[in-house]
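Q: I'd like to ask you about the structure that follows.
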Amino acid sequence: MFCDEPKLKTEITLDPADYPKFGAASVWCGAGSCFSSNLSALLEQCGLEVKQNPSGIIYNSYSMLQVITRAAGAHYYSEGDFFEHAGLWHSWEHHGRFSRSDLKEALANANKVLKEFRETLEKADAVVLTPSSSVVYCLKSSGDIVANCHKMNNNLFERRILSMAENRQYLTATVNKILQFNANCKIIFTLSPVRHYPGDLVLNSVSKANLRGALHEVCEEFRENCIYFPAYEILHDELRDYRFYKSDMLHPSEQAVELICGRFVKLFFTPEALNIMEKELAKAKFNNHRPIN
């Protein structure tokens with residue numbers, strides 16, 4: 001007898017009925033890792049109003065709380081939040097793309113982006129938060145967790161790993177800050193699928209596990225407002241093949257990002273919204289590829 005066709009992959013089963021639905025006019029905010037940026041870029045191409053990462057890409061739950069606290073509370077930056085190194089003014093709360101050679105320019109840009117994010121967060125229908133790592137770097141001089149080390153000397157920092165309890169504390173505080181500012185929005189958590197410590201996969205596993213456990217407990221506690229989308233599990237448990245990774249073998253490939261983001265969009269948007277978004281996406285792709293005469 002011939003065998004049945006073999007099952008060649010483990011599928012993540014997602015019931016659309018378990019996920020809130022949004023329209024094509026919905027407003028979105030996002031903060032976190034590269035996946036948050038990828039998803040936000042897709043939603044923008046689909047014609048939605050989106051603001052994400054007002055301090056640049058961030059990885060840990062503490063830095064996520066920090067930026068949401070600033071946005072929700074209108075706690076704008078001052079010159080004292082910046083420091084000069086190698087001819088550029090940096091902030092410990094910002095990604096390097098916010099660094100400038102002029103302090104006033106750096107300050108003005110940081111506050112402009114934060115203000116725009118705050119205005120969008122206030123009316124957002126959904127906020128996507130994508131923490132990525134429990135490993136943090138603390139300034140030895142103050143003990144403060146930094147969002148970015150800006151390639152400064154390693155001797156300035158102490159590396160440690162946030163426990164599940166610490167992650168839960170920061171994520172819970174983040175949810176409360178958002179809901180106090182905008183009680184009507186839904187908060188969608190994802191865990192970044194990127195492996196951050198390829199040279200120490202044991203550390204990477206502990207880092208992800210501490211975050212994943214905290215995310216589960218927070219979504220259980222705030223089940224009326226929060227939901228988890230399994231981007232991490234789709235890449236590592238369903239796709240589970242190095243052809244779905246970039247050449248660094250760490251980041252998801254363009255195809256993997258498209259597959260995961262596609263699953264996200266189909267889960268969270270109404271059929272009517274999907275029709276409109278597909279047309280907007282096709283238009284955006286045409287404009288991006290149109291030759292310039």
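The values are calculated or read from the model by the stated rules, or taken from the named source; none is laboratory data. This one's a predicted model, so the numbers in the text were calculated from it and none came from an experiment. When we count neighbours, we look across all protein chains shown, and the Cβ atoms used for this are built from the backbone with ideal geometry, even at glycine.
Q: Restricting attention to the range 69-80, does a residue exist that is surrounded by 23 or more Cβ atoms within 10 Å (Cβ to Cβ), under 30 Å from Leu274 (Cβ atoms) and either touching a helix residue (DSSP H, G or I) at 6+ places or on another chain (Cβ under 8 Å) or modelled with pLDDT of 95 or more (or both)?
A: Within the range 69-80, the first condition is being surrounded by 23 or more Cβ atoms within 10 Å (Cβ to Cβ), and the residues that meet it are 71.
After this cut, where a residue has to be under 30 Å from Leu274 (Cβ atoms) as well, the list is 71.
Okay, now just the ones that are also either touching a helix residue (DSSP H, G or I) at 6+ places or on another chain (Cβ under 8 Å) or modelled with pLDDT of 95 or more (or both), so 71.
Looking through the range 69-80, at least one residue is surrounded by 23 or more Cβ atoms within 10 Å (Cβ to Cβ), under 30 Å from Leu274 (Cβ atoms) and either touching a helix residue (DSSP H, G or I) at 6+ places or on another chain (Cβ under 8 Å) or modelled with pLDDT of 95 or more (or both).
Q: Mind listing whichever residues of the range 210-221 are surrounded by 18 or more Cβ atoms within 10 Å (Cβ to Cβ) and either of a type in the set (D, E, K, R) or assigned to a loop (DSSP other than H, G, I, E, B) (or both)? Even if it seems obvious, please write down each step before you answer.
A: Narrowing the range 210-221 to residues surrounded by 18 or more Cβ atoms within 10 Å (Cβ to Cβ): 210-212, 214-215, 218-219.
Matches in the range 210-221: Arg212 only.
Q: Ok, one more. Is it fair to say Leu48 is crowded, with 22+ Cβ neighbours inside 10 Å and under 12 Å from the mean Cα position of the chain (by Cα)?
A: no
Q: Are there any pairs, at least 6 apart or on different chains, whose C-beta atoms fall under 6 Å, with the first in the range 173-195 and part of a helix (DSSP H, G or I) and the second acidic (Asp, Glu), and if so, which?
A: none
Q: What are the residue pairs meeting all of these: first residue in the range 157-169, first residue surrounded by fewer than 17 Cβ atoms within 10 Å (Cβ to Cβ), second residue in a loop (DSSP other than H, G, I, E, B), Cβ atoms under 8 Å, and 6 or more apart or on different chains?
A: These pairs meet every condition: Glu158/Lys140; Ile161/Ser134; Ser163/Ser134.
Q: Can you name every residue in the range 93-136 that is among the aliphatic types (A, V, I, L, M) and surrounded by fewer than 17 Cβ atoms within 10 Å (Cβ to Cβ)? Quick ask: steps written out before the conclusion?
A: First pass over the range 93-136, keeping only residues among the aliphatic types (A, V, I, L, M): 103, 106-108, 110, 113-114, 121, 124, 126-129, 135-136.
Once the filter is applied, which keeps residues that are among the aliphatic types (A, V, I, L, M) and surrounded by fewer than 17 Cβ atoms within 10 Å (Cβ to Cβ), the range 93-136 yields Leu103, Ala108.
Q: For the range 229-274: of the residues being without any contact (Cβ under 8 Å) to a residue 40 or more places away in the chain and either of a type in the set (S, T, N, Q) or in contact with a Cys (Cβ under 8 Å, 6 or more places away or on another chain) (or both), which is nearest to Ser192 (Cα to Cα)?
A: Ser253
Q: Here is a follow-up. Name, by its number, the condition in (1) in contact with a Ser or Thr (Cβ under 8 Å, 6 or more places away or on another chain); (2) hydroxyl-bearing (Ser, Thr, Tyr); (3) outside any loop (DSSP other than H, G, I, E, B) that does not hold for Tyr137.
A: All conditions are met except number (1).
Q: Let me ask something else. So Ser207 ticks every box in (1) in a loop (DSSP other than H, G, I, E, B); (2) buried (at least 17 other Cβ atoms within 10 Å of the Cβ) but one. Which box is left unticked?
A: It is condition (1) that Ser207 fails.
Q: Another question about this same structure. Can you tell me which of (1) in contact (Cβ under 8 Å) with a residue 40 or more places away in the chain; (2) crowded, with 18+ Cβ neighbours inside 10 Å; (3) in contact with a strand residue (DSSP E or B) (Cβ under 7 Å, 6 or more places away or on another chain) is the one Leu139 doesn't meet?
A: (2)
Q: Sticking with this structure for a sec: Just a yes or no: is a residue in the range 199-220 within 26 Å of Val265 (Cα to Cα) and more than 19 Å from the chain's Cα centre (by Cα)?
A: yes
Q: Residues Ile227, Ile260: which one is modelled with pLDDT of 90 or more, in a strand (DSSP E or B) and under 24 Å from Gly47 (Cβ atoms)? Reasoning before the result, please.
A: Numbers: Ile260 fails: in a strand (DSSP E or B).
Being modelled with pLDDT of 90 or more, in a strand (DSSP E or B) and under 24 Å from Gly47 (Cβ atoms) holds for just one of Ile227, Ile260, which is Ile227.
Q: If you don't mind, there's one more thing I want to ask. For Gln66, only one of the following conditions fails: (1) over 19 Å from Lys208 (Cβ atoms); (2) buried (at least 24 other Cβ atoms within 10 Å of the Cβ); (3) polar (S, T, N, Q). What is its number?
A: So the condition that Gln66 fails would be (2).
Q: Still on this structure, I have one more. Show the residue pairs meeting these rules: Cβ distance below 8 Å; 6+ apart or different chains; first residue within the range 208-219 and within 13 Å of Tyr232 (Cβ to Cβ); second residue aromatic (Phe, Trp, Tyr) and part of a helix (DSSP H, G or I).
A: Lys208/Tyr232; Arg212/Tyr232
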